[in-house]
Structure formats: C-alpha cells, structure tokens
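Okay, structure first, notes after.
The values are calculated or read from the model by the stated rules, or taken from the named source; none is laboratory data. On a predicted model such as this, the values are computed, not experimentally measured, just so you know. As a convention, Cβ positions derive from the backbone with ideal geometry for all residues, glycine included, and neighbour counts pool all protein chains shown. Surface accessibility is based on the protein's heavy atoms, side chains included, excluding ligands, DNA and RNA. Shrake-Rupley method; radii C 1.70, N 1.55, O 1.52, S 1.80 Å.
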Amino acid sequence: MITKKLWITIICLCFFHLSIASTYARSLEEIKKSGELRLCVAGSSYELYTRTGTAFAESLGVKANVKKLEAWDNLFYNKDGVVDKEAVYTPYLMETGECDCYPNDIVINEWRMKKMDFAALFKTRMTVVINKDNQNNIKSEVDLKGKRAAVMKGTSYHTWMEEKNKKDFSDKPILITLMSTDESMNAVDSKTVDFTIIGADGALNWTRNKVKNSMVGFFVGPVNQVGWGFRKDDKELIEAAKIFFDSQRKLNSKFDLIWKEKVGISLSEFNLFITSLLGE
C-alpha cells in the first residue's frame, strides 16, 4: 500500500524530472520529437526575428515557442548574468535549453564565436545614420569625433564606438548615450544626438520608411557576416538552418515576403544591393 508520504515523494520526483527535461539542451532529433523549437529574440527588430524564426521552425515540421528577452545582452549572458567577452562558454539560455536558437541577425565576430556557432544569412556593413541637416558637417569617420551618438548597449556598433574612443578618438571621444534602436533613430531625427550606427538593412528601412529627417551617411568598419546563433554542439540544427537559408535567398521566398513587410526591402533585393556595394 502506497502511503500519502510516498505519493508526495513520487510527485516531487516527477516534477523534478520534468523541470530537468524542460531545461536540457536538445538535439535536432529531440526538438522534432518535442514538436517545438525554442526561439529567443531581442532588440527592436524582434518582430522580424520572430517571423523568420517561425518560418524556420515550420520547415522542421515543428511549432515555434518564442521568448522575448528584455535586452540584447541577455543573448550572451553566462550563468552569472554577465557578458564576458574574453571567456569561452555557452550562453546560459542555450546551455539550459531554454533557447535552441537565436534568430536575431547577429553580427558574427570573434568574441561571439567563443560562445556559439552561427549559420550566416547575409553580409552587411555598419552604417552611420545622420540628420539631413548634418550632411555637410558629418561626411566621414573622422567627423564623428566629439559628436553625440545614441546606440543600443552590447551591439557591435556600441563596441565599435568604444574602441574608437580608446584609440583613434581618445583626444576627442564620441559622447555615447545608450538607447534602444528605435530611440536612437528618433533621437537622430529630432537632432537630440548627431548620429547613430546600425546595419545597412536597418538603415535602409528606417530612412526609407520610418523617419523623415534622417539619411544614410556613410559606412564604417569591415564587411560583416550576419547570422543566427546556435550551441556549438548543435551541428545538425546548424546544417538544417544553412540549408533553409539557401532556399530563402531565392526571389519571392518566405523571407523575401517577411523582409519586404518588416524591413521595407526583400532579402534578395538587399543581397543584390550589398553585393553591388561591396563590388562582389
């Protein structure tokens, strides 16, 4: 006969095993068996990332379970809730299995590659966006010295500004205010700040469709690959994403339609633009 105390013990053990299972980093096979792909999105373009991530989940025959994070840095936190750029670790949300994939169009750089692997989706360059009234005063990188900038914390654009302030601009550093991308663009449009930096895709969208007084100024920094983040061990899931991306670079793909709605230019059109820009 099972006593009440034993029943309580059994129930507690069941809940314990369920909690472990729900926070366990999973293989592609396990993802398909579960019927869901766990996506974590962050940043002002979270709606775009949700839509494209959901399309990927559908290609795997599963549903998307989307979690919106409070801040961009959350994507890269270690178990202590800190971003350690020099350390090699798996981001906590990935390590615990809370996130299978970051469909966030992340700029792929050295410190991020210490923490995860990527499926590259497109190339881009950092783009300086200025108010139209400043087009005669801010024409090149050197003109950014001592200017007021707004940028989202933890982004590659923020890092670029900080590095410039340490070296080339140390005598007259950029005055950085940390804001969301939306706030940064509106600050430029209202001349609260002099400039911001975002990717070429975002710059085209904002200056064409969302703000009236701002324009693309010029490009800075190297050409960057942009892609989605995965755990290093998830080779099969990464390969599935790469195959899916190949199918989405075609005209009138799902990504084309999503980008046209959310970015203002289709992915295939953007790739043609950036290829022409880079002379490839």
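A compact table of results
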| item | result |
| --- | --- |
| Kirkwood hydrodynamic radius over Cα pairs of the chain, then Stokes diffusion coefficient at 10 °C and 1.306 mPa s, in µm²/s | 78 µm²/s |
| Estimated [θ] at 222 nm from DSSP helical runs (n ≥ 4, -39500 (n - 2.57)) normalised by residues in the chain, nearest 500 | -11500 deg cm²/dmol |
| Relative packing of 95-103, 109-117, which averages over residues the other C-beta atoms within 10 Å, highest first | 95-103, 109-117 |
| Hydrodynamic radius of segment 72-176 per Kirkwood, over alpha carbon pairs, in Å | 15.8 Å |
| Partners for Lys147 among lysines (Cα-Cα distance below 24 Å; same-chain residues under 8 apart left out) | Lys132, Lys139, Lys164, Lys166, Lys167, Lys172, Lys191, Lys210, Lys212 |
| Rounded accessible area per residue of segment 62-203, 1.4 Å, Å² | 45 Å² |
| In sequence order, calculated HN-Hα J values of segment 26-31 (Karplus, 6.51, -1.76, 1.60; Hz; x Gly/Pro) | 10, 7, 4, 4, 5, 4 |
| Backbone HN-Hα couplings from phi across segment 169-174 [Karplus 6.51/-1.76/1.60, Hz, Gly and Pro as x] | 10, 4, 7, 8, x, 5 |
| Reciprocal of mean inverse Cα separation for segment 148-257 (Kirkwood radius, Å) | 16.3 Å |
| Fraction of accessible area attributable to carbon and sulfur, segment 90-246 (%, probe 1.4 Å) | 47 percent |
| Rounded to whole Å, sorted largest first: equivalent-ellipsoid semi-axes of segment 198-280, Cα gyration tensor | 26, 16, 13 |
| Hz values of 3J(HN,Hα) by residue in segment 195-201 - Karplus curve (6.51, -1.76, 1.60), Gly and Pro given as x | 7, 9, 10, 9, x, 4, 5 |
| Nearby aspartates and glutamates by direct alpha-carbon distance to Lys85 (threshold 12 angstrom, same-chain neighbours under 8 apart not counted) | Asp73, Glu110 |
| Within straight-line cross-link reach of Lys242, lysines at Cα separation under 17 Å, skipping those fewer than 8 residues along the same chain | Lys123, Lys232, Lys250, Lys254 |
| Distant-in-sequence amide H partners of Leu121 (H built 1.01 Å from N, under 5 Å) | Val226, Gly227, Trp228 |
